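Values in this text are rule-based calculations from the coordinates and carry no lab data. In this text, all values refer to a predicted model and were calculated from it rather than measured experimentally. Methodologically, a virtual Cβ is constructed for each residue, glycine included, from the backbone with ideal geometry; neighbour enumeration extends over all protein chains shown.
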Amino acid sequence: MTTDTLPGRGLLIVLNPKSGRDRSHDDPRPLIERHVPGATVHDLADGEDLARVVDAAMACEDPPTAVAMHGGDGSVSTMAHTARRHDIPLLVLPAGTFNHFSRAIGIETVDDALAAYLAGRRRRVAVAEVRADDDEPITVLDAVTLGLHPGFVAERKRRVDRLGTWIGGAAAAWRELRDAQPIRVGRGGRHARVWSVFVSVGANDEARIATLQRITLGDDRLDVRFHHARGSHTRAVASLAFGRKTTAVLRFLRLLPPESDIERMLLDDLDLTVHRAAGGELSFVHDGELVQRDGDAFRLRVKGIADALEVYTPE
């Protein structure tokens with residue numbers, strides 16, 4: 001078999017060694033070498049820009065026809081944005097802590113991903129784009145969040161190197177429980193104090209408040225949930241639970257906020273003014289990536305885009 005006919009020829013695989021650092025992820029190279037020996041593999045160096053890696057490859061005489069990302073939700077989201085710019089399909093090799101998007105498309109393991117690639121199974125999925133003030137839009141695969149969740153992510157990031165994601169997450173939850181303050185958001189002339197805002201791609205599970213993982217692929221509407229600041233800190237932090245079982249337990253224990261505190265809507269686009277909480281930071285999160293803003297307020301716009309990204313899927 002010649003190099004030109006090796007399986008995987010035309011596939012650029014980028015490995016992010018920092019993803020899922022406290023989870024046990026096997027080295028994907030043996031699987032890659034066995035199943036797609038013709039692929040080009042690039043190890044992302046510390047501080048290296050993922051988009052520039054792909055842009056450089058696309059500028060070569062023999063550019064890739066597909067890109068793959070071995071990483072977590074943030075890395076996959078960044079690669080999706082780059083794949084959209086170059087109009088090439090994306091293969092997701094899950095290697096993060098949560099892997100929300102890979103699970104949404106039915107890929108649980110690297111084996112699943114490579115099997116989907118070799119079978120040539122692809123489909124187009126909806127995404128969202130988020131824009132802060134006049135910044136360039138950012139591709140969103142799962143969700144955009146405001147309020148408590150960005151605060152939780154910021155606290156977890158401060159602790160992850162020392163405590164790991166799970167213990168760091170528990171410490172972050174305790175800090176949020178103790179110090180959290182509502183934020184003020186404005187939409188269409190109406191203002192409200194809220195603990196959190198969750199914006200997911202496509203209609204989501206009605207039983208959850210924290211819709212961090214999408215459950216549809218073709219729906220380009222935005223599922224928006226405002227958690228109004230009427231209840232306790234404890235219920236506000238409990239609302240961040242996104243697992244089905246955890247949510248059910250918290251609801252049984254009556255730790256989740258009442259339905260009257262949650263405002264839900266399905267929209268084509270969302271335009272908010274976000275104000276800094278008293279003594280807090282001004283920030284938002286998209287697909288697990290924290291973005292911090294200067295000043296006392298910023299404008300956040302999110303819109304859904306149909307059939308915006310082609311991905312490899314098991315079915």
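Once you compute Rg and the Kirkwood Rh from C-alpha atoms, what is the Rg to Rh ratio for the range 1-123? Numbers along the way, then the final one.
Numbers: Rg = 13.4 Å, Rh = 14.4 Å.
Taking Rh as the inverse mean 1/r over Cα pairs, Rg/Rh reads 0.93.
Cut-off is 10 Å between beta-carbons; in what order do SER260, SER200 appear when sorted fewest neighbours first?
Sorted ascending by nearby Cβ count, the order is SER260, SER200.
With Cβ to Cβ distances under 12 Å as the rule, what net charge do the other residues near GLU310 carry (K, R +1; D, E -1)?
+3
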